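Every number in this text was worked out from the coordinates using simple rules, so none of it is lab data. All values reported here derive from a predicted model rather than from experimental measurement. Reconstructed Cβ throughout: ideal geometry from the backbone, glycine too, with neighbour counts over all protein chains shown.
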């Protein structure tokens, strides 16, 4: 579904590449964690999939298509096939929950009847039944993220990209979000989630792709993630022993 | 559905940016009024040219007692000289340029003079023998005045050859300058309008960057994202153009058609229907101005 072929992304010639020689393939229906500390290249990875940026070298394939060959007027069509969720939710504060979700359908020209039918369905999937008419500020962070997920999947994309979706949430709420993402994955959507939350990664036991300083350092099925702090903690006793 | 959505976006954009939209309306209104005024002046010039050029003549004035020019040194024109001049007019070399001609005697000249200066006390002090006789020559092509001038000014008994068109040209050149000034002001105002529209669209795009960001992510097409902004500018500019057209029509109807036409019944003025010719051009210009400037602004400030 997503394939990186020796991809390098350089934003600034004078600093190290944001991504360096990344080759990875994520199949249809996969659930993959993209882990690494801040600045490791997770967000750049997501931007390249969305064609927000061009790869400096190498090729990015989405649904079998090299995104470099997609003309700019076809980019919206590429993006309709990809849902995106962010750490900061990005809801429209002056629209209700239902209107926020419906917005994603309106702007690509879905008919009113289809919208009326689909929105409650999707809200149910993310566990927000009966909250259609609430405003975003009346919801908890976890609920707001569920709205954002509902908006991301309402047009039934084949891929869901989540960039630190639990970054602003407490652990319990995060697990709730994870179960929503898991359910969406069960329905056949490929999910790629960038995170540095090792608790979640270790709990889920899904594929882990680890980036460090723009390089791919690990790609394991059912992997765990040892965060930077844990690594340090693990290293400390050895140092004191010497 | 998408149309309803776009219309809704436009309405909310206009509401959010009301003060800027009003200023765009006013600036396009003023600038297009000047553009329209220049257009109307040009139409008026053309109208007057059409009206007068049919009537203007080359006047060949003959010598009288009081003539002081060198060609009249031998005194007033004689019958023989007058006959000579008339036969020259009829000669094939000259006749090809002449549409028709008319002899104006001193009595005719006095009658015309009295008519022209009816309200002036000067009329009483003028007598027929002070006014020169003349041949009033209408030319096939008024531009060929020089030919007539060359032939007749050297003939004995001719005091001077006058091209009445010259007097009109002076009037027209004043009107042309006025319309150039109007165009100049319009140009400055149009630059203001373009910059103001660009700023307004920029603000509008900035205040709605959340929406457009989400639209981009869920794969809304470029048209759906950009159209509300472009149409916002175009609607404001078109309202300005409509106001400008209304003002021009009012001026044409009540000032030119009403007051001026009463004051100068002999002059052909443009009617208010000429505004019907200018108004569509103004609307088009306004829409184009706003469309192009917002499109260029969006290319820079609204990534799609």
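At a glance:
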read-out: Label-point gap, in nm, between residue B:128 and residue B:254 - each point 7 angstrom along Cα→Cβ; value: 5.0
read-out: Rg/Rg_globular for chain A, with Rg_globular taken as 2.2 N^0.38 Å and Rg from C-alpha atoms; value: 1.06
read-out: Inter-chain shielding of B:2-9 (mean C-beta neighbours from other protein chains, 10 Å cut-off); value: 3
read-out: Rounded to 10°, Cα long-axis angle of helix A:97-106 versus longest principal axis of chain A; value: 90
read-out: Along each principal axis, Cα extent of the protein assembly as shown, largest first, Å; value: 138, 49, 43
read-out: Inter-chain shielding of B:204-214 (mean C-beta neighbours from other protein chains, 10 Å cut-off); value: 2
read-out: Computed [θ] at 222 nm, helices only, for the protein assembly as shown once each DSSP H run of length n ≥ 4 contributes -39500 (n - 2.57); value: -17500 deg cm²/dmol
read-out: Shape of the stretch B:102-192, Cα gyration tensor, a/c cut at 1.5; value: oblate
read-out: Protection-proxy order for peptides B:95-102, A:197-204, B:123-130, each taking the mean of Cβ atoms within 10 Å per residue, highest first; value: A:197-204, B:95-102, B:123-130
read-out: Spherically averaged projected area of the stretch B:137-283 from its Cα convex hull (nm²); value: 14.6
read-out: GNM result for chain B, Cα springs below 10 Å: residue of B:18, B:43, B:26 fluctuating most strongly; value: B:18
read-out: Calculated FRET efficiency for the pair residue A:183/residue A:57, C-beta based, R₀ 45 Å, to 0.05; value: 0.75
read-out: Gyration tensor (Cα) of chain B, equivalent ellipsoid semi-axes in angstrom; value: 64, 19, 14
read-out: Shape call, the stretch B:54-164: gyration tensor on alpha carbons, a/c limit 1.5; value: oblate
read-out: Approximate spin-label separation residue B:266-residue B:181, in nm, with each point projected 7 Å along Cα-to-Cβ; value: 2.6
read-out: 0 to 90° range, to nearest 10: angle between helix B:222-250 axis and chain B longest Cα axis; value: 30
read-out: Using alpha-carbon coordinates, inclination of helix A:228-241 to the longest axis of chain A, degrees; value: 20
read-out: Cα shape, the stretch A:65-209, gyration tensor, a/c 1.5 rule; value: oblate
read-out: Listed peptides A:22-35, B:2-15, B:257-270 by packing density, highest first (mean Cβ within 10 Å); value: A:22-35, B:2-15, B:257-270
read-out: Inter-label distance for residue A:112 and residue A:95, nm, one decimal - labels placed 7 Å from Cα along Cα-to-Cβ; value: 1.7
read-out: Inter-chain shielding of A:68-78 (mean C-beta neighbours from other protein chains, 10 Å cut-off); value: 2
read-out: Euclidean distance between Cα centres, the stretch B:237-302 to the stretch A:108-182, Å; value: 52
